[in-house]
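This report concerns only the one structure given below.
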Amino acid sequence: MNVLIVEDEKALTAELEIFLTNCNYICETCFDGTSASERIATNLYDFILIDLGLPDYEGLDLLKEAKKYNPEAACIILTARAEVYDRIKGLDLGADDYLAKPFSLLELQSRMQAIIRRKFGLKNSVITLGDFLIDLTNRTIAHGETLINTITKKEFDLVAYLILHKNRTLTRSQLSEHIWGSIVNDDYDSNYIDAHIKNIRKKLNAYGAPDWIETVRGLGYRININN
Ligand code: CA
């Protein structure tokens, strides 16, 4: 999942970026509202963290833009302001959560996980697909009782992203943008997503047919889950 961090305190931004990268998020950072506004209008994110007190921009306006151009992104507002008013207004404008500074990084992580569970309606973080068990919290794939340890981080991210967006076809460029970030250029996209899916299938095939990963011809990939 990709995250845009909009925060003018550079030390905090760096701390957030390191922490979230370690939590397997792809991070982009902006230190001001103007460049954040451009990114929001151009790229699609899973999470947007918005500091309300930006030097050049009204944070709440940025939130409005995020809701408009990135309707699927979860927005978390970060505020140093003691006023309850801004937080309420942020939530009214559609922010998914807020954190008052200073906040603990672990709390941010658990709020983000809660948003993911809520947004994707996950009752359980372990998903059963045929004989495979995919554990989204511990980031593991098992076949029956056997843990499969050949799956790389990125391969897991691909499977997890398709599971979260179950019953929906995701294009190669969507998968690329959300799992590798917007840095990758478009021409390169389709081939390497296909190569990764091929590798995942090959690795899982050593245990059983992963026929739940569906190729949608001309479009992309999907995973169907009925429950
Ligand atoms: Ca600030």
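Compute the angle between helix 105-119 and the longest alpha-carbon principal axis of the chain, please, reported from 0 to 90 degrees and rounded to the nearest 10.
60 degrees
What list of ³J(HN,Hα) couplings, whole Hz, do you get for region 133-148 from phi and the Karplus terms 6.51, -1.76, 1.60, once you set θ to phi - 60° and write x for glycine and proline?
3J(HN,Hα) across region 133-148, in whole Hz: 10, 10, 9, 6, 7, 8, 6, 10, 10, 10, 10, x, 9, 8, 7, 9.
Helix 10-22 against the longest principal axis of the chain: what's the angle in degrees, Cα atoms only, rounded to the nearest 10?
10 degrees
Only helical DSSP H runs with n ≥ 4 go in: add -39500 (n - 2.57) per run for the chain, normalise by residue count and round the 222 nm mean residue ellipticity to 500 deg cm²/dmol.
Details: 8 runs with 99 residues, N = 227.
Theoretical 222 nm ellipticity from helices: -13500 deg cm²/dmol.
Among T128, N43, T13, flag the residue with its Cα farthest along the positive direction of the charge dipole of the chain, charges on Cβ as +1 for Lys/Arg and -1 for Asp/Glu.
T128
Can you give me the C-alpha center-to-center distance between region 193-217 and region 153-170, rounded to a whole angstrom?
If you average the Cα positions of each part, the centres end up 12 Å apart.
On a 0 to 90 degree scale, rounded to 10, what angle separates helix 33-42 from the longest Cα axis of the chain?
For 33-42 against the chain, the angle is about 30 degrees.
Would you calculate the volume per residue, in Å³, of the smallest convex hull containing every Cα atom of region 126-223?
On the way: hull volume 9.0 nm³, N = 98.
Dividing the Cα hull volume of region 126-223 by its residues yields 92 Å³.
Take region 11-80, compute every pairwise Cα distance, and split them into 10 Å bins from 0; I just need the percent in each bin.
It works out to 20, 57, 22, 0, in whole percents.
Taking every pair of alpha-carbon atoms in region 2-119, what share in percent sits in each 10 Å bin, from 0 to the bin with the longest distance?
14, 53, 31, 1
Over 26 Å, how big is the tail of the calculated P(r) for the chain, in percent of all Cα pairs? Show your work: numbers first, answer last.
Details: 10144 of 25651 pairs.
Here the tail beyond 26 Å accounts for 40 percent of pairs.
Laboratory data are not the source of any read-out in this text; all were calculated from the coordinates shown. These numbers were taken from a predicted model, which means no experiment stands behind them. Virtual Cβ from ideal backbone geometry, glycine too; neighbours counted across all protein chains shown.
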